[in-house]
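Worksheet: one structure, shown below.
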Amino acid sequence: MSANGNLALFETKAGKGRIVFKLFSLTILLCIFLIWLYRLMYVPRKGEAGRYAWIGMFISEVLFGLYWIITQIVRWNVVHRYPFKDRLSRRYEDKLPGIDIFICTADPILEPPSIVINTVLSVMAYNYPPEKLCVYLSDDGVSELTFYALLEASKFSKYWIHFCKKFAVEPRSPESYFALNIDLHGSVFEQEWSTIKKLYEDMKTRIASAVEKGHLSTEIKGQHKGFSEWNSKVTKRDHQSIVQVLIDGWNPNTVDIDGNPLPTLIYLSREKKPQCAHNFKAGAMNALIRVSSEISNAPIILNVDCDMYSTDPDAIRDALCFFMDEKQGQQISYVQYPQSYENITKNDIYSNARFPVLKACLPIALRISFPHFLCF
Ligand SMILES: O=c1ccn([C@@H]2O[C@H](COP(=O)(O)OP(=O)(O)O[C@H]3O[C@H](CO)[C@@H](O)[C@H](O)[C@H]3O)[C@@H](O)[C@H]2O)c(=O)[nH]1
Ligand SMILES: [Mn+2]
């Protein structure tokens, strides 16, 4: 129960088996100490064989031991946190805050535009009032192709967001959604599914052919005034700042195919000069904060890398349960979503799926039970 008699927006529950875990952990700690003691007591004397190998082993064991002790800190008092979105809606549906969503991309080859727009579309389609969402794509690769793909995505979003909300589809990255084996029940759904899939495939083909050519036709460049920012002087390490509004959500005429408002969508490529350090993602985030503070200035910022997408359309509402809880919200300034991975090799010998991390460590380290962001 929170201060003014309302039920709390999230709940904290102690994890099970904490005592057993602590006992288990202490036995390992004891073993580590015994190994260190053994190494110290039997160091080979000067001139004896194996002295340096012994000392090397001891140093490694001390480092690994200390690392292990640090990892135990986050597992010591396991708690899980559960957000209550229904309570949030009941109390704050009319007063939900604006959200600025920052997506970072840096290289159109390593992070292909077709992947970047899937990230963009997945966050534009959140179950959240669109007029309160402002999506910024920061492009450190200053790529015309990325800008073109975003322009295409801004047009497709008018169909996609409407389709997602009408049929409550998940996930909201079109690439991942259309890769699912879906039971196409009911004629209305089937018809709309096919229409949207065709629009998506056509868009993908147009983007792929532009990427393959490596440049854009005059016809494409005529589609938006923003293309005029690119000239022969623009290089990845030296260019002026580019800010282009692709969807102006504040304009009442900007609507989806059913007349519903759309989230704002903005392209940003911060200024870069060869003599100034650009500071990678951190530099991009600083630029995003400065630009967004002049445009939307939302009190909450959501940051997503361009090589992942949001798997839960209610992810924002989950985080808001933590920030807006009347009693504890003031003490929370940061919420981390767990990540999981697609495109894993068959037997996942390097544990890229990070099953143990996701199922065992993250809920503990982050102390939340949460929807995921999925990496491509
Ligand atoms: O000059 C740069 C370099 C990178 N990025 C972006 O930063 C993000 C992360 O970079 P990446 O190379 O993909 O790093 P990862 O190791 O995949 O990402 C993890 O590690 C990063 C560095 O610790 C964190 O910033 C990320 O959130 C985390 O997912 C990506 O969206 C990039 O596009 C930029 O915007 N500008
Ligand atoms: Mn990455």
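The values are calculated or read from the model by the stated rules, or taken from the named source; none is laboratory data. Here the structure is a predicted model, which is why all the values come from computation and not from measurement. Glycine gets a Cβ as well: all are built from the backbone with ideal geometry, and neighbour counts include every protein chain shown. Areas reflect the complete protein model, heavy atoms only, side chains present, ligands, DNA and RNA absent. Shrake-Rupley method; radii C 1.70, N 1.55, O 1.52, S 1.80 Å.
Some observations on this one:
- Within segment 179-297, helices (runs of 4 or more DSSP H) holding 3 or more residues that are among the basic types (K, R) and assigned by TED's automatic domain parsing to the domain that holds D140: 187-213
- Residues located in segment 169-199, provided they are in contact (Cβ under 8 Å) with a residue 40 or more places away in the chain and within 15 Å of A125 (Cα to Cα): E170, P171, R172, S173, P174, E175, S176
Residue-wise test of (1) closer than 29 Å to R317 by Cβ; (2) within 24 Å of the chain's Cα centre (by Cα); (3) among the hydrophobic types (A, V, I, L, M, F, W, C).
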| position | (1), (2), (3) |
| --- | --- |
| Y128 | yes, yes, no |
| Y136 | yes, yes, no |
| D140 | no, yes, no |
| A149 | yes, yes, yes |
| H162 | yes, yes, no |
| Q191 | no, no, no |
| R206 | no, no, no |
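- The set of residues in segment 55-95 being open to solvent by less than 40 Å² (accessible area, probe 1.4 Å) and touching a Ser or Thr at 6+ places or on another chain (Cβ under 9 Å) consists of Q72, V79, P83.
- Filter result for N279 (surrounded by fewer than 19 Cβ atoms within 10 Å (Cβ to Cβ), touching a residue at least 40 places away in the same chain (Cβ under 8 Å) and not acidic (D, E)): no
- Residues of segment 118-136 that turn out to be of a type in the set (F, W, Y) and within 12 Å of ligand 1 (Cβ to nearest atom), as a count: 1
- Within the set L9, L40, the sole residue that is outside the structural domain of I266 (by TED's automatic domain parsing) and open to solvent by 60 Å² or more (accessible area, probe 1.4 Å) turns out to be L40.
- Matching residues in segment 292-334 - criterion: being within 14 Å of ligand 1 (Cβ to nearest atom) and within 21 Å of L9 (Cα to Cα): I301, L302, Y334
- Residues that are in contact with a helix residue (DSSP H, G or I) (Cβ under 7 Å, 6 or more places away or on another chain) and either within 16 Å of ligand 2 (Cβ to nearest atom) or of a type outside the set (F, W, Y) (or both) within segment 145-157 comprise L145, T146, A149, L150, E152, A153, S157, listed in sequence order.
- When we screen I55, I101, I115, I59 for residues that are modelled with pLDDT of 95 or more, out of contact with any strand residue (DSSP E or B) (no Cβ under 7 Å at 6 or more places or on another chain) and within 16 Å of ligand 1 (Cβ to nearest atom), the only hit is I115.
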